[in-house]
Amino acid sequence: MLPQKQAEEAIVPGDISVNGGTQGGEEERVDHEPRHSFKSLLWHGGSVYDAWFSCASNQVAQVLLTLPYSFSQLGMLSGVLLQIFYGLLGSWTSYLISVLYVEYRTRKEKENVSFKNHIIQWFEVLDGLLGPQWKAVGLAFNCTMLLCAAVIQLIACASNIYYINDRLDKRTWTYIFGACCATTVFIPSFHNYRIWSFFGLGMTTYTAWYLTIAAFIHGQVDGVKHSGPTKLVLYFTGATNILYTFGGHAVTVEIMHAMWKPQKFKYIYLFATIYVFTLTIPSAAAVYWAFGDQLLDHGNAFSVLPRTRFRDAAVILMLIHQFITFGFACTPLYFVWEKVVRMHDTKSICLRALVRLPVVIPIWFLAIIFPFFGPINSAVGAFLVSFTVYIIPALAHMLTYRKASDRQNAAEKPPFFLPSWTAMYVVNTFVVGWVFVVGFGFGGWASMSNIIKQVDSFGLFAKCYQCKPPPPTHQH
């Protein structure tokens with residue numbers, strides 16, 4: 001008879017095979033440890049609460065500091081409404097991904113396929129449900145998006161630390177933080193992010209409320225103006241940044257697979273998003289209220305607030321959180337690389353870490369080559385996030401259940417708030433159409449226009465991108 005923990009990992013009730021065919025992935029490696037040991041408390045997280053912390057912590061990171069800039073482009077009303085709209089849109093497509101994961105795993109378990117020491121990923125779900133062409137598309141978009149996200153986090157680390165210590169240039173800080181972030185190769189999977197996710201969310205919560213309170217204490221600057229939106233290009237650039245903000249569910253499948261009961265994930269991302277609203281909306285609205293159009297020239301909210309010990313604390317906490325977010329972005333890439341070199345099932349943490357280093361080094365190198373990657377955040381949102389976490393999941397869901405027999409035998413029926421398949425198809429069609437036209441179309445145009453406008457300021461291997469020049473020395 002299987003231990004209870006292993007039994008919980010089965011998707012298909014009453015269909016637990018003796019050979020472990022229905023077990024979870026990396027959880028198999030830790031069954032010999034006491035369930036309630038101190039190490040288990042800090043290191044092994046597979047509960048609903050762990051998944052919630054992972055989703056909420058991963059969803060809001062460096063982008064928290066750029067949302068006031070987006071509000072200056074969009075205006076207060078559009079900024080708030082688009083956050084709510086894209087938050088709900090992201091929650092819906094995350095729900096679709098979770099449904100497709102359960103469908104894929106249910107079908108495989110009925111075929112007695114074993115997932116022992118194997119972590120299921122999104123491209124494998126697409127492959128199993130829709131074929132190799134979808135696998136290739138999903139793999140290309142997902143890996144490219146996560147690679148860009150990891151590079152952005154490294155560049156953001158250097159930019160943030162520069163606010164409290166400018167004795168070193170940003171490129172040197174990128175070297176330092178690249179080495180620090182490389183230690184994420186030792187974290188086996190999302191199952192082991194329990195303590196990091198908990199502290200990570202605490203760090204962003206502090207930073208968000210610091211921004212809110214500091215803005216109100218500072219008050220409105222003299223002659224403050226709130227003229228946004230003024231130009232379409234700025235409006236859609238800001239809108240695409242918000243789309244990117246709530247597109248953090250590219251790691252949904254990996255987080256689900258780390259759970260003891262993955263089928264309970266369905267609404268976790270929605271509850272995480274609701275909490276994130278309490279961080280992003282007040283902080284962005286408060287900073288925009290205080291500084292108005294000045295934010296059009298300040299992409300990072302830290303740059304407009306006076307330096308205090310509270311701001312320095314927020315900077316340091318965001319740096320630590322960016323280390324965590326770097327790990328969240330890179331871990332799926334680690335899994336892909338492990339599978340390519342056929343080392344995914346090894347139990348040695350040190351050997352896996354060594355195998356993963358070829359993933360970290362190119363990311364580190366790209367952050368040094370392209371220190372201007374920050375200004376193309378919205379381009380990443382328009383060209384990668386739009387497809388990876390909005391369009392592809394919606395299309396995949398419609399195609400998976402296009403036949404009446406597939407709908408009748410679906411592992412997950414339509415949700416209680418949308419009880420018909422027709423309604424689900426209508427919503428999915430709207431998601432695909434909206435994100436393709438507004439996110440990819442108008443967002444891509446605005447992002448490229450913004451990049452072209454700033455291209456003269458770009459420079460490969462820039463020592464200190466967008467740093468203020470040193471004051472001139474006067475000779476007597």
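The values are calculated or read from the model by the stated rules, or taken from the named source; none is laboratory data. Computed from a prediction, not measured in an experiment: that's the story for all the values here. Glycine gets a Cβ as well: all are built from the backbone with ideal geometry, and neighbour counts include every protein chain shown. In case anyone asks, the SASA skips ligands and DNA or RNA and just uses the protein heavy atoms, side chains included. Shrake-Rupley method; radii C 1.70, N 1.55, O 1.52, S 1.80 Å.
A few comments on the model shown:
- Virtual spin-label span in nm between Thr422 and Lys261, 7 Å along Cα→Cβ: 3.5 nm
- Val233 - accessible surface, heavy atoms, 1.4 Å probe, Å² rounded to 10: 40 Å²
- FRET E, pair His218, Asp166, Förster distance 30 Å, beta-carbon r, rounded to 0.05: 0.85
- Accessible area per residue for the chain, computed on protein heavy atoms with a 1.4 Å probe, is 42 Å².
- Take each peptide in 265-274, 400-409, count the other Cβ atoms within 10 Å of every residue, and average; sorted highest first, the result is 265-274, 400-409.
- The simple Förster model, with R0 at 60 Å and r as the Cβ-Cβ distance, assigns Gln408 and Ile195 a FRET efficiency of 0.85.
- The Cα atoms of the stretch 186-247 define a convex hull whose projected area, averaged across directions, is 7.0 nm².
- Phe115, Phe365, reordered so the largest accessible area comes first (probe 1.4 Å): Phe365, Phe115
- Lys, Arg +1 and Asp, Glu -1 on Cβ, resulting dipole of the stretch 224-379 about Cα centre, debye, nearest 20: 380 debye
- When the charge dipole of the stretch 58-156 is built from unit charges on Cβ atoms (+1 for Lys and Arg, -1 for Asp and Glu) and taken about the Cα centre, the candidate among Tyr86, Ser98, Leu65 whose Cα reaches farthest toward its positive end is Ser98.
- Estimated at the nearest 10 Å², the accessible area of Trp196 is 80 Å² with a 1.4 Å probe.
- Fraction of accessible area attributable to carbon and sulfur, the stretch 101-251 (%, probe 1.4 Å): 62 percent
- Relative contact order for the chain: 29 percent, from Cα pairs under 8 Å spaced at least 6 residues apart, divided by residue count.
- With Cα atoms as the point set, the radius of gyration and Dmax of the stretch 201-316 evaluate to 17.2, 56 Å.
- Degrees separating the helix 170-181 axis from the principal Cα axis of the chain, which is the longest one: 20 degrees
- When both the stretch 278-308 and the stretch 387-432 are represented by their alpha-carbon centers, they are found 39 Å apart.
- Rg/Rh for the stretch 55-189 stands at 1.06; both radii use Cα atoms, and Rh follows the Kirkwood definition.
- When the helices of the chain are scored as -39500 (n - 2.57) per DSSP H run of n ≥ 4 and the total is divided over every residue, the value at 222 nm lands at -19500 deg cm²/dmol.
- Between helix 268-291 and the chain there is an angle of about 0 degrees, using the helix long axis and the longest principal axis of the Cα atoms.
- Overall form of the stretch 296-417 per C-alpha gyration tensor (a/c, 1.5; a/b vs b/c): oblate
- With 19 Å as the limit on Cα-Cα distance, the pairs of Lys116/Lys261; Lys110/Lys266; Lys264/Lys413; Lys116/Lys264 that go past it are Lys110/Lys266; Lys116/Lys264.
- The angle between the Cα long axis of helix 76-110 and the longest principal axis of the Cα atoms of the chain comes to about 20 degrees, rounded to the nearest 10.
- Computed P(r) (all Cα pairs; the stretch 272-323; 10 Å bins; percent): 21, 47, 32, 1
- Put simply, the Cα atoms of the stretch 134-250 extend 52, 40, 30 Å along their principal axes, the longest span coming first.
- Note on surface exposure: Tyr206, Tyr193 rank Tyr206, Tyr193 by accessible area, highest first, 1.4 Å probe.
- For the chain, fraction of C-alpha pairs farther apart than 32 Å, in %: 39 percent
- Semi-axes of the equivalent ellipsoid for the stretch 123-170, Cα gyration tensor, largest first, Å: 39, 7, 5
- Largest accessible area first, the listed residues Thr245, Thr230 line up as Thr230, Thr245 when surface is computed with a 1.4 Å probe on the assembled protein chains.
- Each peptide in 346-355, 155-164 gets a packing score, the mean of other Cβ atoms within 10 Å over its residues, and the list from highest to lowest is 155-164, 346-355.
- Across q = 0.24, 0.29 Å⁻¹, the stretch 334-383 modelled as identical point scatterers on its alpha-carbon atoms has Debye log10 I(q)/I(0) values of -0.84, -1.00, in the order of the q list.
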